[in-house]
């Protein structure tokens, strides 16, 4: 009888010894599952975000007061470069300056743009009203936008070094990167761009 009790106790001891080992395995498996889940829910959205969006920084005051100096702008990538519209805030690469810029699209392919020296702008012989312009410029000039190109200017016309002054006046559509849609920082300017 003592032998039977001893055998029962030994079997119980063996069973209890196995329990922590099973817990370790299940904890390891649990951590692995959590790791896979976190990887999926963090990495996949990040890859999607990187494929369709990016951040752009505004180094100068050329877009004030729409976008302040140093602002971080959420930008959606433009895959069909023919879909740029007049008034869009566009991020593009300037070969002439060797930098990425953010400006407003004023001229589309084929447009005739006239600055009359009083701050007014005419596009295709009609006055173009711009509610977003923060300062007027006495610049005078006439431009005709070539095919597959765009004409970009800053909203702060008096303080913007833009297409009116560049040697390479027109930006080819191949250099267009994206459309600015949202200011994330500074928080005082947080919001959708118009």
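Here are some notes:
- Residue that is farther than 13 Å from residue 86 by Cα and in contact (Cβ under 8 Å) with a residue 24 or more places away in the chain, where the choices are 110, 180, 117: 180
- Subset of region 149-169 (residues that are surrounded by fewer than 18 Cβ atoms within 10 Å (Cβ to Cβ) and either free of Cβ contacts under 8 Å to residues at least 40 places away in the same chain or assigned to a strand (DSSP E or B) (or both)): 158, 165
- Scanning region 91-106 turns up no residue that is farther than 30 Å from residue 48 by Cα, surrounded by fewer than 20 Cβ atoms within 10 Å (Cβ to Cβ) and in contact with a strand residue (DSSP E or B) (Cβ under 8 Å, 6 or more places away or on another chain).
- Among the candidates 48, 19, residue that is under 13 Å from the mean Cα position of the chain (by Cα), modelled with pLDDT under 95, in a helix (DSSP H, G or I) and outside the structural domain of residue 167 (by TED's automatic domain parsing): 48
- Unique residue being outside any loop (DSSP other than H, G, I, E, B) and more than 15 Å from the chain's Cα centre (by Cα) when the list is 106, 97: 106
- Failed item in (1) without any contact (Cβ under 8 Å) to a residue 24 or more places away in the chain; (2) within 23 Å of residue 98 (Cα to Cα), with residue 187 passing the rest: (2)
The values are calculated or read from the model by the stated rules, or taken from the named source; none is laboratory data. Note that the coordinates shown come from a computational prediction; the quantities given were computed from them, not determined experimentally. A quick note on method: Cβ atoms are made from the backbone with ideal geometry, for glycine too, and the neighbour counts reach across all protein chains shown.
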